[in-house]
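Each remark here refers to the structure printed beneath this line.
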Amino acid sequence: MSQFIDPKIVPKAKLYTGEEIPFVGMGTFGSDRFTPEQVSAAVGGAIRCGYRMFDCAACYGNEAQIGDVFQAAFDEGVVERKDLYIMTKVWNDMHDRVEESCRKSIADLRSDYIDLFFIHWPFPNYHAPGCDVDSRNPDSKPFSPERFINTYRQCEALVEKGLIKSIGISNMTIPKLEAVLPMMKIMPVACEMEIHPCFQQQELFDYLVAHKIQPIGFMPIGSPTRPERDMAPEDVADIQLPQMKAIAEAHGIHPAVVALKWAVQRGQIPIPFSVHEMEYVSNLKCTTEDPLTEEEMAIIATLEKNNRLVKGQVFLWEGAKDWHDLWDEEGFIVQ
Ligand SMILES: NC(=O)c1ccc[n+]([C@@H]2O[C@H](COP(=O)([O-])OP(=O)(O)OC[C@H]3O[C@@H](n4cnc5c(N)ncnc54)[C@H](OP(=O)(O)O)[C@@H]3O)[C@@H](O)[C@H]2O)c1
């Protein structure tokens, strides 16, 4: 019998709507390393170990298989739909057909409704899954607040229709948020963004918290086994840093788990991925016991290295300089 962590003792984040959600979820992006069946088997195992939150996406290509394991868990009486917090995202090629994308995810995930529905990227720039990072789509365009709000309005309509409970944004920047937040009728409850010890995004984190938008940190362990095409020579391996290793040793845990404890104690919801039961159990359990000390939290705060791993090159448009243009680093929207 697998180890069971009572979902009641997993810490909760309170959204501006008053809803309380688990402070850790499971990522489901198998990339080209794991098949949809391997990922969905892990989701099935994770539900039985006490996970209640899952980060899915239409473009991960595995929602139908994950839906099968959700259905099995409902049929076997392991959980009811209301016990799960299911997140998914509309991919860039469906920004004009958001309802169609949402209805497909709902059908695939066998879930009646989506708890939190994200706009995966803030522009409709499409690329084929797994394509070369240097490939460019000639139809790609820079960010446009009007185009984004057109997509966002479709999400607002989904809330009104009861297809989704809340809206999320992802891969945003402060200048983009400044442009679009005033136009929204229903505020987003959360922003999914890359966060790990060597990439803490403190300014954006603080901005979100000030606007009552919950940060959700993707690649919380620094995605140590991401495909080679997503690795750059300057990238730092968070869990190899001597400070992370020393803290791990002091607690008798893996440095990956230190990164997750840090995430929860700092205030972002981590969504670690693993298909290995031993790992995904410790990733949930670590939030319920043996917290890091204030000194350890302070040490990890110093590990910031501005090391963005998801650079987003494949979304660049004609005339863009390089991937830095996607992230508005000078404080204005790069056109
Ligand atoms: N919104 C977005 O644009 C976006 C972008 C990227 C990711 N995401 C989401 O974020 C999730 C997580 O990102 P990610 O999978 O790239 O990175 P990650 O969670 O930082 O790293 C995952 C890898 O860490 C290792 N690992 C996990 N738990 C471990 C443990 N307890 N001990 C040791 N090693 C452990 C596993 O390696 P092994 O498999 O080798 O064991 C696993 O493949 C994705 O699945 C996806 O849901 C969202």
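Data for the structure
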| quantity | calculated |
| --- | --- |
| Karplus 3J(HN,Hα) series, Hz, for the range 110-127 with 6.51 cos²θ - 1.76 cosθ + 1.60 (x for Gly, Pro) | 6, 10, 6, 7, 10, 6, 9, 10, 9, 8, 4, 10, x, 8, x, 5, 9, 9 |
| Inter-probe distance in nm under a simple model that places probes 7 Å from Cα toward Cβ, at R81 and Q335 | 4.5 |
| Estimated vicinal HN-Hα couplings, Hz - the range 27-34 in sequence order (Karplus 6.51, -1.76, 1.60; Gly, Pro = x) | x, 10, 8, x, 6, 9, 8, 10 |
| Cross-link partners of K104 among lysines (Cα-Cα below 30 Å; sequence separation of 8 or more within a chain) | K12, K14, K82, K89, K141, K161, K165, K176, K185, K212, K311 |
| Neighbour-limited loop hits for GluC sites (Glu not before Pro), the range 48-85 (at most 14 other Cβ within 10 Å; DSSP other than H, G, I, E, B) | E76, E80 |
| Between the range 295-335 and the range 22-68, the alpha-carbon center distance in angstrom | 27 |
| Förster-model FRET efficiency, 45 Å R0, F4 and K141, C-beta, rounded to 0.05 | 0.40 |
| FRET efficiency estimate (nearest 0.05) - Cβ-Cβ, E178 to E294, R0 41 angstrom | 0.80 |
| All-pairs Cα distance distribution in the chain, expressed in whole percent, bin size 10 Å | 5, 26, 37, 25, 6, 0 |
| Pairwise FRET efficiency - E156 versus A301, Cβ, R0 = 51 Å, nearest 0.05 | 0.90 |
| Amide N proximity, the range 294-312 versus Q202 label position 7 Å along Cα-to-Cβ, cut-off under 18 Å | 294-308 |
| Charge-dipole axis of the range 7-325 as Lys and Arg at +1 and Asp and Glu at -1 on Cβ define it, positive-most pick from P182, Y280, F205 | P182 |
| Alpha-carbon radius of gyration plus Dmax, which is the widest Cα pair, for the range 117-215 in Å | 14.5, 40 |
| Least to most buried among F29, F54 (fewest other Cβ within 10 Å first) | F29, F54 |
| Antiparallel bridges, percent of DSSP beta bridges restricted to the chain (to nearest 5) | 15 |
| Residue order, fewest to most surrounding Cβ atoms within 10 angstrom, among K14, K89, K165 | K14, K165, K89 |
| Residues M193, M231, sorted so that the one with the fewest Cβ neighbours within 10 Å comes first | M231, M193 |
| Derived scalar couplings ³J(HN,Hα) [the range 223-237; Karplus, 6.51 cos²θ - 1.76 cosθ + 1.60; whole Hz; x for Gly, Pro] | 6, x, 10, 5, x, 4, 5, 9, 9, 10, x, 7, 5, 10, 8 |
| Amide H contacts of I167 (H built 1.01 Å from N, under 5 Å, at least 5 apart or other chain) | F117, V189 |
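Read the figures in this text as sums done on the coordinates, not as results from a lab. Predicted, not measured: the structure shown is a model, and the values here were computed from it. So basically every Cβ, Gly included, is an ideal-geometry build from the backbone, and we count neighbours across all protein chains shown.
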